[in-house]
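Novice: One structure is given below, represented as structure tokens, and several questions about it will come after.
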Amino acid sequence: MISLLNSLRLPGGHVEEPGFRVLLTEPGGRKAEAIRAIRTVTGLSLWDSKLLLDSAPVAVTKPAWLEAAQDAVSVLEAAGAHAAVVCDWCDRTVTRGADPLDPAPCSGPWPAEACRASCSPSTD
């Protein structure tokens with residue numbers, strides 16, 4: 001367990017933060033707008049964006065910072081698609097708000113305070 005925790009530490013003693021994926025859960029009713037939003041978020045071609053939309057539920061992005069994933073979800077939802085942010089460490093859906101994102105502790109071997117899905121958002 002300690003060796004795993006040490007492997008999560010970056011130079012300088014900081015613990016690596018988990019990445020967050022954007023999961024497209026449903027295409028929604030405005031497909032043309034959703035395809036444009038996928039192109040905006042991913043940079044994919046029109047054809048690949050349409051294939052991705054038709055494959056829902058599917059991960060739209062690779063793991064990224066929480067804020068970037070939440071911004072991507074906002075773009076997709078504004079276009080009528082249904083999307084969620086998923087923690088790359090514990091595969092939990094991350095909710096928005098000022099409370100801890102998910103009150104349950106992480107199911108992995110990392111410290112719970114390192115998982116942004118378990119902790120309150122920072123107010124920095």
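Novice: Do you know which of the residues in the stretch 1-35 that are surrounded by 12 or more Cβ atoms within 10 Å (Cβ to Cβ) and part of a loop (DSSP other than H, G, I, E, B) is modelled with the lowest pLDDT?
Specialist: 16
Novice: Test residue 77 against the stated conditions and say whether it is modelled with pLDDT of 60 or more, under 16 Å from residue 21 (Cα atoms) and either among the hydrophobic types (A, V, I, L, M, F, W, C) or not in a loop (DSSP other than H, G, I, E, B) (or both).
Specialist: Working: modelled with pLDDT of 60 or more: yes; under 16 Å from residue 21 (Cα atoms): yes; either among the hydrophobic types (A, V, I, L, M, F, W, C) or not in a loop (DSSP other than H, G, I, E, B) (or both): yes.
Considered against the rule, which asks whether it is modelled with pLDDT of 60 or more, under 16 Å from residue 21 (Cα atoms) and either among the hydrophobic types (A, V, I, L, M, F, W, C) or not in a loop (DSSP other than H, G, I, E, B) (or both), residue 77 comes out as yes.
The values are calculated or read from the model by the stated rules, or taken from the named source; none is laboratory data. Please read all numbers here as calculations on a predicted model, not as lab measurements. Positions of Cβ are generated from backbone atoms using ideal geometry, with glycine treated the same way; all protein chains shown enter the neighbour counts.
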